[in-house]
1. In the range 31-62, how many are farther than 18 Å from ALA114 by Cβ and part of a loop (DSSP other than H, G, I, E, B)?
2. Listed residues ARG138, ARG190, ARG152, ARG162; which is surrounded by 13 or more Cβ atoms within 10 Å (Cβ to Cβ), of a type in the set (Lys, Arg) and within 16 Å of the ligand (Cβ to nearest atom)?
3. Return the residue satisfying two criteria in turn: it lies in the range 102-135 and is under 15 Å from ARG162 (Cα atoms) and in contact with a Leu (Cβ under 6 Å, 6 or more places away or on another chain), and of such residues it is surrounded by the fewest Cβ atoms within 10 Å (Cβ to Cβ).
4. With respect to the numbered conditions (1) modelled with pLDDT of 95 or more; (2) out of contact with any helix residue (DSSP H, G or I) (no Cβ under 7 Å at 6 or more places or on another chain); (3) closer than 30 Å to SER83 by Cβ, which one is the sole condition not fulfilled by ARG200?
5. When you look at GLY21, is it over 22 Å from ASN115 (Cβ atoms) and surrounded by 21 or more Cβ atoms within 10 Å (Cβ to Cβ), yes or no?
6. So which residues in the range 60-80 are in contact with a Gly (Cβ under 7 Å, 6 or more places away or on another chain) and surrounded by fewer than 20 Cβ atoms within 10 Å (Cβ to Cβ)?
7. Which members of the range 166-179 meet the condition of being surrounded by fewer than 13 Cβ atoms within 10 Å (Cβ to Cβ) and within 15 Å of the ligand (Cβ to nearest atom)?
8. For ARG93, state whether it is among the charged types (D, E, K, R), within 22 Å of VAL20 (Cα to Cα), out of contact with any strand residue (DSSP E or B) (no Cβ under 6 Å at 6 or more places or on another chain) and not in a strand (DSSP E or B).
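The values are calculated or read from the model by the stated rules, or taken from the named source; none is laboratory data. Note that the structure is a prediction, hence the values are computed from the model and not measured. FYI the Cβ positions are ideal-geometry reconstructions off the backbone, even for glycines, and counts take in every protein chain you see.
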Amino acid sequence: MAMDDYYVHPTAVVEEGAIVGEGTRIWHFAHVRRGARIGCSCNLGKGVYVDVGAIVGDEVKIQNFVSVYRGVEVGSRAFLGPSATLTNDLYPRSFSESWEVVPTVIEEGASIGANATIVCGVRVGRYAMVGAGAVVTRDVPPHGLVYGNPARLRGFVCTCGRRLEKVVRMKLEEVVFRCEHCSREVVVSRRDYERMILERALRR
Ligand SMILES: [Zn+2]
């Protein structure tokens, strides 16, 4: 394994057998286990842990003290905010004999806010945004904005991260927003849009 095409701080541990892409930087006290796969140009902050078999794409930013456990797959350009928590066990018992990893997928470009908890078995769609401190127990659709405990779908966000307010076209299968910040058009499915309308009306 060539050590010279990515950076590892002297206090970090990258086990033999971990795969780390070019240009990635691994900061103080981070720990990357054997069999972990990390793409190119990622940034792993202080105290980040990447478990055996965890997969991280390219250009991913993982802030301080995030643990990416086995069974978690993080897509390219995703952002994991400081102390966000990802789990991999739906029936945690210290004495359990039949432990089973439940996979979690964070799709391309999605952002997880500081201190949010993603309960395993969910898929956070591409370019979705999870608010700080949210507890996510259900799938988040692409471009979905969720927050709260339990996290509810409250709206949609643009690729640029800003909230989408303006619907420019409504079709049978899809709803098209235009971002007032960057003028991009973002298409979300009509089903996800209806779900958002319902969940936004919920008290909690
Ligand atoms: Zn935008």
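1. Residues that pass the stated criteria total 15.
2. ARG162
3. MET129
4. Condition not satisfied by ARG200: (1).
5. no
6. The answer is GLN63, ASN64, PHE65, ARG70, SER76.
7. Answer for the range 166-179, where residues must be surrounded by fewer than 13 Cβ atoms within 10 Å (Cβ to Cβ) and within 15 Å of the ligand (Cβ to nearest atom): LYS166, VAL168.
8. No.
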